[in-house]
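The values are calculated or read from the model by the stated rules, or taken from the named source; none is laboratory data. Keep in mind that what you see is a predicted model, and the values were worked out from it rather than measured. Glycine also receives a Cβ, built like all others from the backbone with ideal geometry; neighbour counts cover every protein chain displayed.
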Amino acid sequence: MKFISTRGKGSVTGAEAVVRGIAEDGGLYVPECFPPVTGEEFEAMLGMDYPERAALVLKKYFEEYDGEKLLSALRSAYQKFEGDDPAPLVRIDEGLYLLELFHGPTCAFKDMALTVFPYLLKEGCALTGVKEKLLIPVATSGDTGKAALEGFAGTDVKIAVFYPEEGISKMQKLQMCTQDGDNVDVVGVRGNFDDCQTAVKKIFSSEACVSAFKERGYLLSAANSINFGRLAPQICYYFSAYCDLVTSGQVKMGEKVDFAVPTGNFGNILAAYYAKRMGLPVNKLVCASNKNNVLTEFWRTGIYETKRPFFRTMSPSMDILVSSNLERLIFELAGRDAKLTKERMAQLASTGRYTVKGEELKNFKSEFYAGCTSEDDTVDCIYEFFTEYGYPLDTHTGVAMHVVEAYHDRLKKEFLEKPPMVVVCTASPYKFPQDVLYALTGNDVKDSFKGVKRINLLTAMKVPDPIKAVRYKPIRFKTVVSPDKIFDELLKFIKE
Ligand SMILES: *Cc1c(COP(=O)(O)O)cnc(C)c1O
């Protein structure tokens, strides 16, 4: 399988796409076509465990990787998860399911990809003959950073994480700032996630920066979801969830289902769209946003407008105005027109907006339902869901669940049938203990671990081991810089 840039330049292998992260012309790598999962393969997948299912899907994109090594890498990655199944599907009610993706080492869905990604990258370097040491700067809205740190800690890759100093939960900050490993750095940035992401992207596209690292023996790579190696492992759980629906007799093979995804950088839901393009029977993808509703507005009006107020919410991993991966969808729905995509991205960079009209906008609306919630509605939704089903949703999944309710109301109004719905749970409620406790009880606690304890008493949901472990670890990282100092921080880091 070859990969091309959304902005038109070049064609590379899967291994190269993973190692480079971002295309030379600033575009994102996309597969040259969507490899179908055949009926036979799908049937076979039903009898497989999660790593085997994932290997089947990944091998289609990473043909040059050794199949057996890939499978064993997947096995050891998912051994780091609590429980036998890294992505269990929970039946909540008739036609309503939760896909729990938070049983990994950092308690968010980012682990699904970032436990496998180091292997994809290392093997990619071997396959492409890259000899330099790797340096990975990561901009994070809270969860990617920790998952990337865990994935790479103790390897020979240098990884530096930049998080918005005021924009993440206390627990997320604790998780990152107590990270072990000599090859890691964690730095707070004065600004929001978009400031972090823009500053990091600038380093990638600056020749001066790239060659400064090169002189020192380092090659830059990316672990954000702009890297196809991050995206690919996320396609797998949509197939696996569907297999579980079939094997448990909830749906018949071929019957269409809906997926709802709490969305920020548009990586997770894009992976669902890729799964659909590979043949997964999907009806609609529900794109859920919090108060930062740039995507909802885009779907409604066709105007992507980033010049708007930025809100800090209790679902911080979705506090994003520039959703990088939307570029990949824009490219697909413009009929893979790289020139047009390039123009739009140039417009976005210079004016902060671009527009989609007519047939094209219709396509967006027929594939996706987009909705958003206020903070109050999310709180109410988490409370009501708990009262009804005894299940504590995290704040991000709470956003998705509320949008699902609105979506179902609309189906009812239009006398449309309601397909089975799978809501993707992106984080453990214990990762956002204060806000979740507030939603469940109305009580504010200052201490994260008090929140953890109270949620545990209230819900009997097991506290994940990684959350317990954080409590007694020393804080190792305290540096805070402004966005324009990120490059200097990186230089300092590789000198150490
Ligand atoms: C990253 C994240 C999201 C958003 O996912 P995207 O792939 O960026 O759209 C949602 N919820 C949680 C808990 C996350 O960590």
(request) Could you tell me which residue of segment 308-337 is farthest from the chain's Cα centre (by Cα), considering only residues that are assigned to a helix (DSSP H, G or I) and under 18 Å from LYS173 (Cα atoms)? (result) PRO316
(request) Give the residues of segment 444-494 that are basic (Lys, Arg), under 12 Å from PRO433 (Cα atoms) and touching a Ser or Thr at 6+ places or on another chain (Cβ under 9 Å), sorted by residue number. (result) ARG454
(request) Just give me the residues in segment 153-168 being surrounded by fewer than 24 Cβ atoms within 10 Å (Cβ to Cβ) and of a type outside the set (Asp, Glu), in sequence order. (result) ALA153, GLY154, THR155, VAL157, LYS158, ALA160
(request) Show the residue pairs that are 6+ apart or on different chains and have beta-carbon atoms under 6 Å apart, the first residue being within segment 293-311 and over 20 Å from ALA346 (Cβ atoms), the second being of a type in the set (S, T, N, Q). (result) LEU295/SER289; THR296/SER289; PHE310/ASN192; PHE311/ASN292
(request) Kindly list, by first and then second residue, each pair from a residue in segment 318-339 that is under 17 Å from LYS9 (Cα atoms) and in contact (Cβ under 8 Å) with a residue 24 or more places away in the chain to a residue that is among the small types (Gly, Ala, Ser) and part of a helix (DSSP H, G or I), limited to pairs with Cβ atoms under 8 Å and residues at least 6 apart or on different chains. (result) PHE331/ALA338
(message) Yes or no: segment 175-186 includes at least one residue that is assigned to a helix (DSSP H, G or I), within 16 Å of the ligand (Cβ to nearest atom) and crowded, with 22+ Cβ neighbours inside 10 Å.
(response) yes
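Table: residues versus (1) over 25 Å from CYS287 (Cα atoms); (2) surrounded by fewer than 23 Cβ atoms within 10 Å (Cβ to Cβ).
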{"position": "GLU384", "(1), (2)": "no, yes"}
{"position": "HIS396", "(1), (2)": "no, no"}
{"position": "HIS402", "(1), (2)": "no, no"}
{"position": "GLU405", "(1), (2)": "no, yes"}
{"position": "ALA427", "(1), (2)": "no, no"}
{"position": "ASN443", "(1), (2)": "yes, yes"}
(message) Let me confirm something: among LEU127, LEU101, LEU96, LEU120, which residue is away from the ligand (no atom under 16 Å from the Cβ), closer than 30 Å to GLU405 by Cα and at pLDDT 95 or above?
(response) LEU96
(message) Restricting to segment 218-258, and then to whatever is small (Gly, Ala, Ser) and modelled with pLDDT under 95, can you tell me which residue is farthest from the ligand (Cβ to nearest atom)?
(response) SER221
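What residue, among those in segment 126-145 that are of a type in the set (D, E, K, R) and outside any strand (DSSP E or B), is nearest to THR426 (Cα to Cα)?
ASP143
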(message) Condition first: small (Gly, Ala, Ser), outside any loop (DSSP other than H, G, I, E, B) and within 13 Å of the ligand (Cβ to nearest atom). Now tell me which residues in segment 393-434 satisfy that.
(response) GLY398, ALA400, ALA427
(request) Could you look through segment 345-359, keep only residues that are in a helix (DSSP H, G or I) and touching a residue at least 40 places away in the same chain (Cβ under 8 Å), and pick out the one that is surrounded by the most Cβ atoms within 10 Å (Cβ to Cβ)? (result) MET345
(request) Give me a count of the residues in segment 35-83 that are loosely packed, with under 14 Cβ neighbours inside 10 Å and either within 22 Å of the chain's Cα centre (by Cα) or part of a helix (DSSP H, G or I) (or both). (result) 10
(request) Search segment 5-25 for residues being touching a Phe, Trp or Tyr at 6+ places or on another chain (Cβ under 6 Å) and free of Cβ contacts under 8 Å to residues at least 60 places away in the same chain, and hand back the single one that is nearest to LEU58 (Cα to Cα). (result) VAL12
(message) All but one of (1) more than 18 Å from LEU101 (Cα to Cα); (2) within 16 Å of the ligand (Cβ to nearest atom); (3) in contact with a strand residue (DSSP E or B) (Cβ under 7 Å, 6 or more places away or on another chain); (4) among the polar types (S, T, N, Q) hold for THR144; state the number of the condition that does not hold.
(response) (1)
(request) Spot the failing condition for ARG277; the list is (1) within 16 Å of the ligand (Cβ to nearest atom); (2) more than 29 Å from LYS133 (Cα to Cα), and only one is missed. (result) (1)
